[in-house]
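Note sheet for the following structure.
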Amino acid sequence: MLSDEEWAQIAADVMDRTCLSPHGQEDEAVRWVAIRHGDDHIHLVATLARQDGGTPSLSCERYRVRAACLAAEQRYGLRSTAPADRTAPRRPSRAESEKAARRGLGEAPRVTLRRHVIMAPRSWLPRRVCGRWLVGCGRVAACQLVRVYARGGAVREVEVKYRIRDAEALLVALKRRGIELGAPVRQDDQAYAPDGWVYGDARCGVPFARLRTVGGRHVFTMKRPAENVLSCEEHETVVADRDQMHHAIIAMGFWPTVRIVKTRRTATFGDMVLCVDELDALGVFLEVERMVPGDVPGEAVQEELSRFVASLGIEAEQTGQTYDSLVCAAPASA
């Protein structure tokens, strides 16, 4: 824990590095105050008028503040956080996020596109998809990605799942890492299992289906668990008619198991996708997932994802069950 004197030095360094109040110009520069009401942070408030009547420069002040924080981390041996080196992806604008929410999407299309490109092995990508060409192509790039996945190759969704007791603490921890969740969307899922399979039977190697509706958009998903139920080969496509797809799934030899209704907010962090879900009668859960090629060991990926969750410093109870199993077991445990 830093002392008041150390926090005062950090505050003065921030004001100096941002050129709002350089060392030696305290009587001419802006007035400012540092407020400490917690062990792990302070608040800085500064006027936007210099005492000598001038106007302070606010050019790149965010990056300068970040540089000052990194310097403080090194000086006092604090946990290192990401630098503001302008290599992070551009966040969706408010207009993009709101448009995605109106369309029933869990995230803006630019985020989805970037995630798929990151997770696809380079050997899958045609040359024109790589490099600067992809960055500015938008819809054309999305078409190229369709070609990429049409070429085949198993893809697995690997995830970890945690029950969250304090949702507010989770949101604070995510925000501290610079992770902003998207707008909440309502997901209506119907799960399916092969005829003859019942809860309690083995899942690995067994195909399971799902129909999901979000804002009038229907998505069919087929999953086949590999090492465990949270590491699955996955195939997914949009369908026009949910009712007809339901009957088609039944005709293919599946039976409907449980209905799962939840509110989901998503975010991306590097090549991970974070989902904060609130399920009716079950509470709040955090899913962290990553799409990987079929030959990547899923358990190794899960260990890495679990380390990320542990780094958030929140109280979280890991579960190895899928949502349909949790929903199915809820009446018996109630």
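Taking amide H as placed 1.01 Å from N in the peptide plane, the amide H of Phe269 sits under 5 Å from that of Leu274, each at least 5 places away or on another chain.
For region 154-333, dividing the convex hull volume of the Cα atoms by the residue count gives 119 Å³ per residue. Rounded to whole numbers, the Karplus 3J(HN,Hα) couplings from phi for region 3-11 are 7, 4, 5, 5, 5, 5, 5, 4, 4 Hz, using 6.51 cos²θ - 1.76 cosθ + 1.60 with θ = phi - 60°, and x at Gly and Pro. Couplings 3J(HN,Hα) of region 220-226, computed from phi: 9, 10, 10, 10, 10, x, 9 Hz, in residue order, whole Hz [Karplus 6.51 cos²θ - 1.76 cosθ + 1.60, θ = phi - 60°; x for Gly and Pro].
Going from the fewest other Cβ atoms within 10 Å to the most, the residues Met252, Met245, Met15, Met1 appear in the order Met1, Met252, Met245, Met15. Close amide H pairs (under 5 Å, H built 1.01 Å from N) link Val30 with Gln51, residues at least 5 positions away or on another chain. Sequence-ordered 3J(HN,Hα) estimates for region 298-315 from the Karplus curve with 6.51, -1.76 and 1.60 and θ = phi - 60° stand at x, 5, 5, 5, 4, 4, 5, 5, 5, 5, 5, 4, 4, 5, 6, x, 10, 7 Hz, glycine and proline given as x. Exposure proxy shown here: for Thr112, Thr55, the number of other Cβ atoms within 10 Å sets the order, fewest to most, as Thr55, Thr112. Listed by chain and number, the lysines placed with their C-alpha closer than 24 angstrom to that of Lys99 are Lys175, Lys262; residues fewer than eight positions away on the same chain are left out.
Every read-out reported here was derived from the displayed coordinates using simple, explicitly stated rules and does not represent laboratory data. The structure displayed is predicted, hence computed values, not measured ones. Glycine gets a Cβ as well: all are built from the backbone with ideal geometry, and neighbour counts include every protein chain shown.
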